[in-house]
1. Only one of the values (i) 7.2; (ii) 8.4; (iii) 10.1 was calculated from this structure for mean projected area of the Cα convex hull in nm²; name its label.
2. Could you tell me which trypsin sites (Lys or Arg not before Pro) in region 58-128 are loop residues by DSSP with no more than 16 other beta carbons within 10 angstrom of their beta carbon?
3. With a point put 7 Å past each Cα toward its Cβ, work out how far T111 is from S69 in nm, to one decimal.
4. Roughly how many debye, to the nearest 20, is the charge dipole of region 20-128 about its Cα centre, given +1 on each Lys and Arg Cβ, -1 on each Asp and Glu Cβ, and no other charges?
5. Averaged over every viewing direction, what's the projected area of the C-alpha convex hull for region 27-96? Give it in nm², one decimal, please.
6. Counting GluC sites (Glu not before Pro) as exposed when in a DSSP loop with at most 15 other beta carbons within 10 Å, what is the longest stretch of the chain free of them?
7. Return a whole-number percent for the relative contact order of the chain, with Cα pairs under 8 Å and 6 or more residues apart as the contact set.
8. Got a sec to turn the phi values of region 77-88 into Karplus ³J(HN,Hα) couplings, 6.51 cos²θ - 1.76 cosθ + 1.60 with θ = phi - 60°, whole Hz, x for Gly and Pro?
Amino acid sequence: QDNGKLILEIGRAREWITRPGEMQGVSNAFAFSMADDKTNPRYTPQDRIFAHPARSLTPDCHMVAVNASDEAFVGQFVGWRSDVNGQPDVLEMRVNEYTGAGYTQKHISITRQDLKASFRIVGTMEAA
């Protein structure tokens, strides 16, 4: 973890868990966990965080965004900034960064060109 970003290892299952009801039958849905408790104060390493690939992002929803370098950012969706033609061009989100003295919230922007994927976080489950 560095500057609020994580590396997401896609395609390498660490464990198999039961999906919550709202994710049954949803293609490409997945769960992930944080490597440590300094990444985000909302989630612990024991949490399984469920990401929905088709659920729309709405202001202040929790989400994960993956850029072209496969860096993952977990935070809250702020909105889309539009280009000169009014088309959504830049994803805006808030992430928490651990500084040693605690967490600070920072604003990040990812251009549509650099955005590989975005997923809405729909829930968590504590691992047994």
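1. Comparing each candidate, only (ii) matches the computed number.
2. Answer by residue number: R112.
3. Using points 7 Å along Cα→Cβ, the separation is 1.4 nm.
4. Values: 10 positive and 13 negative charges, 29 e Å.
Here the size comes out at about 140 debye.
5. 5.6 nm²
6. 16-128
7. After rounding, I find 28 percent.
8. My calculation for region 77-88 gives 6, 9, x, 10, 9, 8, 7, 5, 8, x, 8, x Hz in order.
Readers should treat all values here as calculations from the given coordinates under stated rules, not as data from a laboratory. Because the structure is a prediction, the values reported are computed rather than measured. Every residue, glycine among them, receives a Cβ derived from its backbone with ideal geometry; neighbour counts consider all protein chains shown.
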